[in-house]
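In what follows, a single structure is set out as structure tokens and then discussed.
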Amino acid sequence: DGTPLKHLQRTGFDLHQELADHLGPARIDYRRLTCAAVSVDEVRAVQKPPSKKMQDVEWVDRGVTGSVPLGDEGTIAQVHPRKLCAAMWEFSSGRGSALRIGRVVRAVLDGTEAVTGVELDDGTVLEAERLVMACSPWTEEARLWFPLSIHLSWITGVKCHSILVPHPDCVLTQAVFFESSRPLGDVDLEIYPRPDGDCYVNGFEGEEGRIT
């Protein structure tokens with residue numbers, strides 16, 4: 001809340017619930033879960049953990065110095081990105097959607113500078129009523145599709161690295177954002193457990209900056 005994306009985030013949260021209801025939650029690994037921010041002392045983390053886990057923290061205890069809940073099942077949800085995309089494409093392709101692979105070089109505009117399509121690098125023009133730019137780190141490149149008279153907001157982001165840690169013997173239901181004391185470096189970790197027991201681990205460092 002309190003950001004320009006507040007309404008988009010709330011709409012997206014409700015939309016993912018609708019997709020889960022339609023496609024089936026198990027098919028796309030959709031579920032509600034809790035989330036907590038956990039402060040960790042990296043020196044204490046290598047020592048023997050306490051005999052009891054910290055209250056409200058489902059599975060972290062080693063080196064923990066404090067925690068703050070960030071949300072519960074009413075505000076936190078999870079979905080498997082690849083499974084969601086596969087299910088949506090299967091639904092769409094069965095109803096006439098087609099996949100075109102190519103590199104966009106220009107947005108086609110009418111006299112009012114409204115988008116009417118895109119031109120690919122082979123000269124093909126695809127007509128469109130709406131243009132959605134979802135190119136992840138390369139979204140900034142879309143600026144080159146438009147004339148200078150069209151103003152687009154800058155795209156910013158943080159450099160991240162991620163790994164998938166298999167853990168089939170335990171299914172966790174709480175995501176955890178670690179905030180460390182950082183004697184080993186300026187790195188924070190985000191842990192997202194999945195329904196099959198795997199954990200998606202995302203680590204980021206540095207400050208948010210413009211993506212070029």
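Structural remarks
- Those residues of the range 115-150 whose amide nitrogen sits under 17 Å from the label point placed on residue 85, 7 Å along Cα→Cβ: 132-140
- Taking 0.36 nm per residue of separation and subtracting the Cα-Cα distance, full extension of the segment from residue 124 to residue 93 would add 9.0 nm.
- Karplus-derived HN-Hα couplings along the range 193-202 (A = 6.51, B = -1.76, C = 1.60, θ = phi - 60°), whole Hz, x at Gly and Pro: x, 10, x, 7, x, 5, 10, 8, 10, 10
- Coil-residue trypsin sites (Lys or Arg not before Pro) of the range 109-186, DSSP, other Cβ within 10 Å capped at 15: 130, 159
- Against the criterion of solvent-accessible heavy-atom surface with a 1.4 angstrom probe, 32, 82, 10 sort, most first, into 82, 10, 32.
- For the pair residue 116 and residue 7, a Förster radius of 25 Å applied to the C-beta separation gives a FRET efficiency near 0.40, rounded to the nearest 0.05.
- For the range 74-86, putting each phi into the Karplus relation 6.51 cos²θ - 1.76 cosθ + 1.60 with θ = phi - 60° gives couplings of x, 10, 10, 9, 9, 8, 8, x, 5, 5, 5, 4, 5 Hz, in residue order, rounded to whole numbers and with x for Gly and Pro.
- The chymotrypsin sites (Phe, Trp or Tyr not before Pro) of the range 107-208 that DSSP puts in a loop, and whose beta carbon has at most 12 other beta carbons within 10 Å, are 154.
- Efficiency of FRET between residue 109 and residue 204 - r from beta-carbon atoms, R0 35 angstrom, step 0.05: 0.45
- A straight chain from residue 169 to residue 134 at 0.36 nm per residue would run longer than the Cα-Cα distance by 9.0 nm.
The values are calculated or read from the model by the stated rules, or taken from the named source; none is laboratory data. Remember, it's a predicted structure, so these values are computed and weren't measured experimentally. All Cβ positions, glycine included, derive from the backbone under ideal geometry; neighbour counts span all protein chains shown. What goes into the accessible areas is simple: the full protein's heavy atoms, side chains included, and nothing from ligands, DNA or RNA. Shrake-Rupley method; radii C 1.70, N 1.55, O 1.52, S 1.80 Å.
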